[in-house]
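The block underneath contains the structure these notes are about, expressed in structure tokens.
The values are calculated or read from the model by the stated rules, or taken from the named source; none is laboratory data. Remember, predicted model here, so these are calculated numbers, not experimental data. Every residue, glycine as well, gets a Cβ built from its backbone with ideal geometry; the counts of neighbours run over all protein chains shown. Side chains are part of the model used for accessible areas, which takes the heavy atoms of the whole protein and leaves out ligands, DNA and RNA. Shrake-Rupley method; radii C 1.70, N 1.55, O 1.52, S 1.80 Å.
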Amino acid sequence: MTNVVAQAAGPVLVLGAAGTGKTTLLVEAVAARIRSRQAPALVFAASRQAASELRDRIVRAAGHTTLAPQVMTIHAFCLALVRRWADAEDAEPKLLTAPEQEFRIRELLRGWAQAWPDELEAALTTRAFAAQARAVVARARQLGLDPDDVADAGAAAAEPGWQVLGGFLAEYLDVLDAEGALDYAELVHRARLLLERDEVVSGVRAQFGAVYVDDWCELDPAQIALVRALAPDGMPVVALADPDTSIYRFRGAHPRAATEFVRLFTKGGAAPRVEVLGVAWRQ
């Protein structure tokens, strides 16, 4: 069987259901790069466990461990990027867990009790309201929105709750800055901002020769934009996706991630190559 992943010379989108061999093709392609001493590949997995399993499979397939494959989650990559390129006077950021983030939001909401519209008054002290506020804050950053953008959107839509949320988001970000802390959405947002600096993006790109993303459809808009910023035109960028399955929609996974790959990597009217794996070998 032809390995459409190993032969990638530019952007390639590989579509297939579970069991069609997407991850196996990725493993063999990265192992082949290691054996042939090509520039290292950067591989993104959906979770730490998936990254660990992928790394082990690649090492076994390569037959030696002289060059350890770079397999990680996007959040792990972003944290390393922020630590490496942040301003020297900044303290090393602390990454908040979801419960820690929600606790801070609940504490801050107490000071905003009089600001929200009257129809939300009964919900303000509930855990559900704090959870929804946390989800909206994360979604705003995933979409690259600043507090003023959220408030302006609320004004344009005549939604006073959104206008208040813009001010709340500004205070929340100020508090995190004062603590030297980041939540997961803000971590990716900061990494994207760093990649807008020429010295950062050139330094990062010099470390690898190809990018592979397993479970592309689990990425949110900010993560998708970060992958695009990482890869210069002409670099092999392979996204493996099952467009009918996405378990992280509740975390903001892009609902049309496969279509977004095609849009982002279309250059000069030339769309990226799309391969479809139609045979499920697992059954």
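Let me have the relative contact order for the chain, percent, based on Cα pairs under 8 Å that are six or more residues apart. Walk me through the numbers on the way to the answer.
Numbers: 421 pairs, mean separation 92.5, N = 283.
RCO, the chain: 33 percent.
Ligands, DNA and RNA left out, the accessible area of the range 72-189 computed with a 1.4 Å probe is 53% carbon and sulfur. The largest-to-smallest principal axis extents of the Cα set in the chain are 64, 44, 38 Å. In plain terms, the bigger the Kirkwood radius, the slower the diffusion; for the range 108-227, with that radius from Cα pairs, at 4 °C and 1.567 mPa s, Stokes-Einstein puts D at 80 µm²/s. Angle, helix 98-110 long axis vs. longest principal axis of the chain, Cα atoms, 0 to 90°, nearest 10? For 98-110 against the chain, the angle is about 20 degrees. Of the trypsin sites (Lys or Arg not before Pro) found in the range 27-110, those that fall in a DSSP loop while having at most 11 other beta-carbon atoms within 10 Å are R37. When the trypsin sites (Lys or Arg not before Pro) in the range 124-205 are filtered for DSSP coil states and for at most 11 other beta-carbon atoms within 10 Å of their beta-carbon, the remaining sites are R197.
Taking the longest Cα principal axis of the chain as reference, the axis of helix 221-230 is set at about 50 degrees. Averaged per residue, the chain has 51 square angstrom of accessible surface, using a 1.4 angstrom probe with ligands and nucleic acids left out.
Exposure here means at most 15 other Cβ atoms within 10 Å; with GluC sites (Glu not before Pro) in a DSSP loop as sites, the longest stretch of the chain lacking them is 90-195. Against the longest alpha carbon principal axis of the chain, how many degrees, from 0 to 90 and to the nearest 10, is the axis of helix 160-179 turned? Value to nearest ten degrees: 70. With an a/c value of 1.5 or above and a/b larger than b/c for the gyration tensor axes a ≥ b ≥ c computed over the alpha-carbon atoms, the range 154-209 is described as prolate. Only protein heavy atoms count here; on that basis, with a 1.4 Å probe, I34 has an accessible area of about 20 Å².
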